[in-house]
Structure formats: structure tokens, C-alpha cells
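K.L.:
The structure under discussion is supplied below as C-alpha cells; questions concerning it will follow.
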Amino acid sequence: MLINWWMMPPPGWAWIGYVLFLLASLTQLYFYWGGFRRAAFFRPPAKTGFSGPVSIVICARNEYHNLETNLPFVLNQDYSTFEVVVVDDGSDDESDILLQKLQTEHPHLKVVRLKENVNFFKGKKLALSVGIKSAAHDHILLTDADCRPASPHWITRMADNFGEQSEIILGYGAYGKRPGLLNLLIRYDTFFIALQYFGLALAGKPYMGVGRNLAYHRSLFYRVRGFTSHYKVMSGDDDLFVNQVATSRNAAVELHPHSHTVSVPKTSFRSWFRQKRRHMGTGRYYKAAHKRRLGIFNLSQISFYPLLVFCMVSGWESLAGIAAAALFLLRTFSVQLIQYRFSLKLNERKIFPFSLLLDLIHPFLNFIFVFSNLSGTTRSWK
């Protein structure tokens with residue numbers, strides 16, 4: 001009777017669910033151990049020792065308060081030779097007055113002003129292109145007006161990755177800590193996306209970066225004709241550009257907390273929803289191999305827990321049910337270990353205690369974001 005209990009098979013139709021759960025579990029394990037663990041257990045290589053001049057490019061439209069708060073952190077970086085290029089893209093607030101004042105105090109601040117009606121690109125791509133063209137140096141470091149460097153050594157940490165082959169440096173753009181569930185979701189979402197693009201970049205498959213903290217050669221930008229291949233897309237000045245030009249040879253990553261930038265998080269679900277729609281809307285323009293890879297992973301995520309419930313309900317007392325429970329425990333242990341290690345790397349320890357719950361919620365939120373992008377358009381500048 002004991003043998004019969006252990007070997008009792010589920011109903012014939014239930015095997016479909018068990019096979020699908022097996023595939024979803026193995027897919028998750030493959031991505032976590034084949035790719036994401038490279039970021040979690042990352043040991044940075046020897047630095048190149050680069051200390052050449054760097055141009056920081058920031059685009060802004062009606063960002064007076066953000067510039068007033070964050071720009072001094074950029075202007076006062078502890079680095080030998082750098083300039084800060086701010087492109088004022090048709091602002092009608094008091095940004096111009098603030099930038100004039102800062103120019104008198106900081107000779108290495110360069111301001112470029114654009115009239116709104118000359119922007120034939122979508123979003124801020126023209127402003128960014130003009131800023132890169134106006135820069136005095138070949139090594140370009142990008143961030144946004146609503147971001148500030150996490151330390152005075154931001155430029156040093158990012159630029160020290162430039163070498164003979166490294167033309168693109170992927171950095172981490174964190175969001176500021178605030179109380180509440182929304183802030184926890186925003187920070188976990190940012191953390192989890194970083195785990196993916198850092199991990200896959202270290203596995204030789206870079207596919208995106210974030211404009212809040214990104215560096216590359218201006219010569220590379222010119223070589224691929226900038227944003228012309230996707231100039232009609234509202235977003236994508238960061239991830240689509242990286243998706244277009246990054247390779248296993250020319251992309252490097254920087255994870256040290258001193259290299260991070262910190263952005264102002266959204267304070268309402270509606271504004272975060274709009275931001276996520278805009279960011280995720282560019283995914284359809286990724287290279288086919290990248291879309292296929294990410295699609296397989298996302299499908300395994302969204303199906304994992306429903307299939308687990310199906311397996312437990314349809315035959316938890318069978319050998320197949322025991323195997324499904326074992327796979328669940330193995331996958332959960334792997335996810336928790338790798339996310340914990342990565343949270344230490346990024347100094348995001350306060351996210352980890354909620355990671356079990358967020359691992360359950362996050363895939364369904366992403367499904368909603370993706371589904372919402374099937375209809376409608378986004379029109380915001382950034």
C-alpha cells in the first residue's frame with residue numbers, strides 16, 4: 001500500500017500540467033544559474049586605470065527643481081577632468097536662470113538650449129544627440145536631471161571600466177527609498193531588471209542598459225549613426241541603443257555602490273504605470289534573439305505559480321506531486337540565494353526580506369504592463 005501511494009499517478013490529462021511545470025521550473029533554473037548568478041557572484045576584473053577626460057550629458061525639460069537639487073552632486077564630482085553638458089530642451093520654467101547662475105560658479109558646466117519646435121525626433125533623442133555632439137570629450141557618461149550620483153566617485157567608478165575593448169559601461173540606476181508598498185514595488189522592479197541585464201551581459205548576451213547611468217564612446221555613437229534606426233520610437237535612447245550596439249566584447253558592467261545613481265521615485269501608481277508602459281513599449285523593437293530569450297523567461301515566470309497550484313491540487317500525493325514540490329523548493333532556494341547575493345552587491349538589502357512575496361506579485365504586474373501596451377500610445381517626453 002505504501003508503494004502504491006508513492007507511485008500513484010495523477011489523472012492522464014494532468015500530465016500536461018506536470019510537464020509544463022517541469023519546463024517552467026527548468027527554464028527558471030537555467031536563467032538563474034546560467035545568467036543571473038554571474039551578477040550575484042560577480043568579481044570585478046582589474047580596473048583599466050582610465051583617468052582621461054569625460055563629458056557628462058544631461059537632458060532636461062522643465063526640470064528646475066530636479067536640476068537645483070541634483071546638478072550640484074554632478075558638478076562636484078571628485079574627478080580630474082570632466083565637463084557637464086546640460087541640454088535645455090525647450091523649458092519654459094526657470095531652468096534657464098538656474099543654469100546661468102550655475103555656469104558662473106562652475107566653468108566646466110556647458111549649457112545647450114533647444115527650441116521645442118525643432119525636435120523632429122521622438123522624446124528626448126534629439127536633445128541627447130545634440131548634447132553628445134556638443135561634448136568636448138569622446139568618453140560620454142549619461143544620467144537624468146532627476147538623478148544624483150550616489151557618491152563623489154561616480155565618474156571614477158564608471159570611467160575606470162573603459163579599455164581597449166570596453167566601449168559601453170552599464171551602471172545601476174537606483175530609486176530613492178520611501179515608505180509604502182509602491183516604493184517597495186518600484187525598487188524591487190528596478191532591482192530585478194538590473195539582475196537580468198547585468199547577469200545576461202556578464203554571460204555575453206547584453207541587451208539593455210538604463211539612461212540614468214550609462215557610459216559609452218562618442219565615436220561608437222557616430223559609428224552606428226546614433227538613434228536613427230529607432231528615431232520614431234518615443235523611448236529607447238538607452239535600452240534600444242544598447243540593444244543595437246552592445247556585444248559580448250564591447251560591454252562592461254559596474255556594480256559598486258559608489259557607481260550608482262539615485263532617482264526620484266514615482267509617488268502614485270498611475271504615474272508609475274505610465275512610466276512602466278513607456279519603458280516596456282520599447283521591447284518590441286529589440287533584436288529577435290533578445291525578444292525570444294526574454295519572452296521565454298517571462299513566460300516561465302508568469303506560469304510558474306499557477307502551474308504549481310495545478311500540480312498540487314491535481315495530485316500532490318503522487319510521485320509527480322512530490323517531484324513538483326521538490327522542484328518548487330529548488331527553484332525557490334535558487335531565486336532567494338541569487339537575489340540575496342545581488343542585493344548585497346547593490347546595497348539593496350532592505351528589499352530582500354520581501355523578495356518571496358514580491359517574487360509572487362511581480363510577474364503578474366509585468367503581465368498587466370505588457371498587456372496594456374498592446375493598445376494605446378505613450379506621448380511623454382521621458
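Rule-based calculations on the coordinates, nothing more; no lab input. Worth saying up front: this structure is predicted, and the values here are computed from it rather than measured.
K.L.:
In whole Å and largest first, what semi-axes does the C-alpha gyration tensor of the range 131-222 yield when each eigenvalue is scaled by 5 and square-rooted?
P.N.:
Each semi-axis is √(5λ); the values are 25, 17, 11 Å.
K.L.:
How many angstrom lie between the C-alpha centres of the range 125-182 and the range 269-305?
P.N.:
Taking the Cα centre of each part, the range 125-182 and the range 269-305 sit 23 Å apart.
K.L.:
Could you tell me which helices of the chain pass both thresholds, a Cα extent of 18 Å or more along their own axis and a mean Kyte-Doolittle hydropathy of at least 0.0, with helices taken as whole DSSP H runs? Don't skip to the end; give the middle numbers.
P.N.:
Values: long enough: 14-31 (26 Å, 1.56); 181-202 (31 Å, 1.31); 288-315 (38 Å, 0.71); 319-345 (39 Å, 1.09); 355-372 (25 Å, 1.67).
Flagged H segments are 14-31, 181-202, 288-315, 319-345, 355-372.
K.L.:
Going by amide H atoms built from the backbone, whose H comes under 5 Å of the H on Glu63, apart from near neighbours?
P.N.:
Residues meeting the criterion, in which the H sits 1.01 Å from N, do not exist here.
K.L.:
Related question: Across the range 31-184, what fraction of all alpha-carbon pairs, as a whole percent, falls in each successive 10 Å bin from zero upward?
P.N.:
Result returned by the calculation: 10, 35, 32, 19, 5, 0.
K.L.:
While we're looking at this one, here's another question. Determine which lysines satisfy two conditions relative to Lys350: a Cα distance under 18 Å, and not lying fewer than 8 residues away in the same chain.
P.N.:
Lys177
K.L.:
Taking only DSSP H segments of four or more residues, each worth -39500 (n - 2.57), what value at 222 nm results for the chain once the sum is divided by all its residues, to the nearest 500 deg cm²/dmol?
P.N.:
Value at 222 nm, helices only, nearest 500: -15500 deg cm²/dmol.
K.L.:
With the cut-off at 32 Å, tell me which of the pairs Lys47/Lys115; Lys115/Lys345; Lys133/Lys205; Lys266/Lys287 have Cα atoms farther apart than that.
P.N.:
Listed pairs above 32 Å: Lys47/Lys115; Lys115/Lys345.
K.L.:
Give me the percent of DSSP beta bridges within the chain that run antiparallel, rounded to the nearest 5.
P.N.:
In the chain, DSSP labels about 30 percent of beta bridges as antiparallel.
K.L.:
Next question, about the same structure. Could you work out Rg/(2.2 N^0.38 Å) for the chain, with Rg from alpha carbons only?
P.N.:
Cα Rg divided by the expected 2.2 N^0.38 Å: 1.08.
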